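Notes follow once the structure below has been shown.
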Amino acid sequence: QVHLVESGGGLVQAGGSLRLSCAASGRTFSDYVLAWFRQAPEKDEREFVATISWSGTEIYYTPSVKGRFTISRDSARNTVYLAMNNLKPEDTAVYYCAANEGVVSTRVNEYDSWGQGTQVTVSP
């Protein structure tokens, strides 16, 4: 497993922007598929947000963030990013970075390494 640490969350007004970062350590970064999930306060389950393949050529987003969020990875820094623009109150959640050594997936149970999460709060 790879060790993941998220940062960059905070409080922002609707329409604002944030960029989340997830630094990876412990294993070869380029071997991993990386993803972002989120869990809203009233929800029991984590929701898929975005994923990126080890090569960066396969990228998928959940429909509600498409056109507003951008996932990217920097192999030199062993970091994956989630740039979030035009934020909405419904984006409020704890955002988690996740990794797996398999294939690109939108399913929580396909990922075996998780960060501790970073809180994103969007006020109306």
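None of the figures in this text is laboratory data; all of them are computed from the coordinates on show. Bear in mind the structure is a predicted one, so any value in this text is a computation, not a measurement. All Cβ positions, even for glycine, are placed from backbone atoms using ideal geometry, and neighbour counts span all protein chains on display.
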Discussion item. Taking the Kirkwood radius as the inverse of the mean 1/r across Cα pairs, report the Rg/Rh of the chain.
Written reply: 0.94
Worksheet item: Stretch E42-N86 to full length: gain in nm at 0.36 nm per residue minus the Cα-Cα span?
Response: 13.6 nm
Discussion item. If I model a spin label at R27 and R107 as a point 7 Å from the Cα along the Cα→Cβ vector, what separation in nanometres do I get?
Written reply: 1.8
